[in-house]
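J.: Here's a structure for you.
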Amino acid sequence: MPLRLLLTLTVPVVDYSVDSRSSWNRLLIFFNIILGPAVTALAFDFFLQEVGTAYLMVGLIVFAASLVVALLVAFTSYTYHPPRYYWAFSFLGFLMSIVWIYIITSEVVNVLEAASITLQLSRALVGLLVLAFGNSVCDLVANFVVARQGKAIMGFSACYGSPLLNMLIGVALGFLIATATHKGTYVVKLTAQLGVAAGFLICGLLVALIFVTLRRWKADRLLGVILPIAYIAFVFALLCVEFIP
């Protein structure tokens, strides 16, 4: 498949579970070093940057630097034996995986935005229901598995740690990129959907805190029933705000 070919050419794989000689491919690493940074430059849209009254070909600079590094790797390694710095390509693979996640996520957001325009839905509703569910379903499954293994505290902590990371780091980076793109202050339009979401979020946190405190820091089945009912009520209220004038 074309996507698999692109991933193979841009994401280096360091596999120590098999013989390093069989996993090492000098020609493939050569293309990984060249094409990986080029795809990154295209993904983050800094291939061509305006500097004053001129345009700086950042993409060409990145390509030239990548070519130099690739040639150094080609001349300091062997065809059938990996070099001593073979482990360093795992970091490049990790970074390129993040880049591809960013690319795929951007396309998903574009599809959701097109769907919201076609179905005449607000962006807030699509983000609070569809995109939020897609972001959280993996955490939901992971926390459920951890709780089933008898590590309830770990799963319970992750339920609050993951949204905290998204709220603090995600919102900070989002506004940082928005202000850099708009070259000034980015004005947030507070909609009714966002108000409902903020209200249910605060109430849900307070209910969980008060409930666990009154139960002497014990979470039982009643809490497991109250919180899902609260989420169903949130979805119902959000749909009412969206479709009922």
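J.: Which residues, counting only those in the range 90-125, are open to solvent by 60 Å² or more (accessible area, probe 1.4 Å) and touching a Phe, Trp or Tyr at 6+ places or on another chain (Cβ under 9 Å)?
T.: If the condition is that a residue be open to solvent by 60 Å² or more (accessible area, probe 1.4 Å) and touching a Phe, Trp or Tyr at 6+ places or on another chain (Cβ under 9 Å), then Tyr102 is the only one that fits.
J.: Right, here's the next one. Determine which member of the set Gly150, Gly174, Gly204, Gly199 is without any contact (Cβ under 8 Å) to a residue 60 or more places away in the chain and within 30 Å of Phe46 (Cβ to Cβ).
T.: Gly174
J.: If you don't mind, another one. Going by the conditions given, is Val99 modelled with pLDDT of 80 or more and either touching a strand residue (DSSP E or B) at 6+ places or on another chain (Cβ under 9 Å) or more than 30 Å from Ala180 (Cα to Cα) (or both)?
T.: no
J.: To continue, here is another question. Please indicate, with yes or no, whether at least one residue in the range 179-188 is assigned to a helix (DSSP H, G or I), of a type in the set (Val, Ile, Thr) and either within 23 Å of Ser136 (Cβ to Cβ) or open to solvent by 90 Å² or more (accessible area, probe 1.4 Å) (or both).
T.: yes
J.: Filter the range 204-245 for residues that are more than 27 Å from the chain's Cα centre (by Cα), under 18 Å from Gly161 (Cα atoms) and part of a helix (DSSP H, G or I) and give the result.
T.: Leu206, Val207, Ala208, Leu209, Val212
J.: Those residues that are polar (S, T, N, Q) and open to solvent by 70 Å² or more (accessible area, probe 1.4 Å), I need them from the range 130-148; list them, please.
T.: Of everything in the range 130-148, just one residue is polar (S, T, N, Q) and open to solvent by 70 Å² or more (accessible area, probe 1.4 Å), namely Asn135.
The values are calculated or read from the model by the stated rules, or taken from the named source; none is laboratory data. Please read these numbers as outputs of a predicted model, since none were measured by experiment. Because the Cβ atoms are built from the backbone with ideal geometry, glycine has one as well, and the counts that use them run over all protein chains shown. Heads up: the accessible areas ignore ligands, DNA and RNA and are worked out on the full protein's heavy atoms, side chains in. Shrake-Rupley method; radii C 1.70, N 1.55, O 1.52, S 1.80 Å.
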